[in-house]
Amino acid sequence: MKQLILASASPRRRELLAQLVHSFDVIPSRYQEEEKGDSAEQTALLFAREKAREVHARFPDRPVLGADTVVSLNGEILGKPVNEEDAKRMLRALSGKEHSVYTGICIICGGRERAETVETKVCCYPLSEETIEKYVQSGLPLDKAGAYGIQDGYPLVKGYAGSYSNVVGLPLERLSTILKEEELC
């Protein structure tokens, strides 16, 4: 079996995938996330597919994994913040509320394509302006969907139902099963 390619520049996805796959290459996709699906779940799946397809088109003899994570609050997609004010706006919106985190994953190998999404429900603590300000000033939320990382060490997340690694960016439990079923790794 040829070595798997991760079609993502995310350092978090790289770290997570290393827990499942001994050796893989990282070749970020050049896909531009412009069109959105009809829902957060469909958007995560669309972006994961397109990322995998773009890299697979360049490396057609290699298995490729694409992934994308989307945060959804009451049906509104919260992407990566465009600046600090946008990050603050998102964190205020998430404060004290439950939301969904969807990660789409797509594996293309040997002429087959398999894609699905995993959802995790997350509940945030009520966030003070001081907490929001300190977190945004850390710079940590600026490259993350929904303007937060569950793994960042700030008191943001009260609890979650589902996969922790899904919230970080790659649902390891589901991906492990898929990789075994597809006999990729």
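The values are calculated or read from the model by the stated rules, or taken from the named source; none is laboratory data. What you see is a predicted model; the values in this text were computed from it and never measured. Glycine also receives a Cβ, built like all others from the backbone with ideal geometry; neighbour counts cover every protein chain displayed. Please note that ligands, DNA and RNA were not included when accessible areas were found on the heavy atoms of the full protein model with its side chains. Shrake-Rupley method; radii C 1.70, N 1.55, O 1.52, S 1.80 Å.
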Quick check: convex hull over the Cα atoms of the stretch 118-185, volume per residue in Å³, rounded to an integer? 94 Å³
Pseudo-spin-label distance Lys36 to Gln3, built 7 Å along Cα→Cβ, given in nm, is 3.7 nm
Ignoring everything but the protein chains, give the 1.4 Å probe accessible area of Thr69 in square angstrom, nearest 10. 30 Å²
State whether the stretch 82-127 is rounded, prolate or oblate according to the following rule on the C-alpha gyration tensor (a ≥ b ≥ c being the square roots of its eigenvalues): a/c under 1.5 gives rounded; otherwise a/b larger than b/c gives prolate, and the remaining case gives oblate. oblate
Contact order relative to length for the stretch 110-185, counting C-alpha pairs under 8 Å separated by 6 or more residues, stands in percent at 35 percent
Provide Rg and Dmax in Å for the stretch 1-44, with only Cα atoms included in the calculation. 13.1, 36
If each part is reduced to its alpha-carbon centroid, the stretch 132-174 and the stretch 1-17 end up apart, in Å, by 19 Å
Accessible area per residue of the chain at 1.4 Å probe, in Å²? 49 Å²
For the chain, with +1 on Lys and Arg beta carbons and -1 on Asp and Glu, the positive-most of Pro171, Gly37, Leu4 along the dipole: Leu4
In the stretch 1-156 the accessible area split gives carbon plus sulfur, as whole percent at 1.4 Å, a share of 46 percent
Can you give the calculated 222 nm mean residue ellipticity of the chain, where each DSSP H run of n ≥ 4 adds -39,500 (n - 2.57) and the sum is split over every residue, rounded to the nearest 500 deg cm²/dmol? -10000 deg cm²/dmol
What area, in nm² and to one decimal, does the C-alpha convex hull of the stretch 29-106 cast on average over all directions? 5.5 nm²
Please report the relative contact order for the chain, taking Cα pairs under 8 Å with a sequence separation of at least 6, and give it as a percent rounded to a whole number. 23 percent
Provide Ser23, Ser10 ordered by accessible surface of protein heavy atoms (probe 1.4 Å), highest first. Ser23, Ser10
Calculate log10 I(q)/I(0) of the chain for q = 0.16 Å⁻¹, where I(q) comes from the Debye formula with a single equal point scatterer on each Cα and nothing for solvent. -0.93
Please give, to one decimal in nm, the separation of the simple spin-label points placed at Glu15 and Arg114, each 7 Å out from Cα toward the Cβ. 2.7 nm
On each of the three principal axes of the Cα atoms of the stretch 82-168, give max minus min coordinate, whole Å, ordered largest first. 51, 26, 20
Answer with one residue from His99, Pro126, Leu65: the one whose Cα lies farthest towards the positive end of the charge dipole of the stretch 62-133, charges on Cβ with Lys, Arg +1 and Asp, Glu -1. Leu65
Going 7 Å from the Cα of Asn83 toward and past its Cβ, which residues in the stretch 102-140 have a backbone nitrogen under 20 Å from where you end up? 132-140
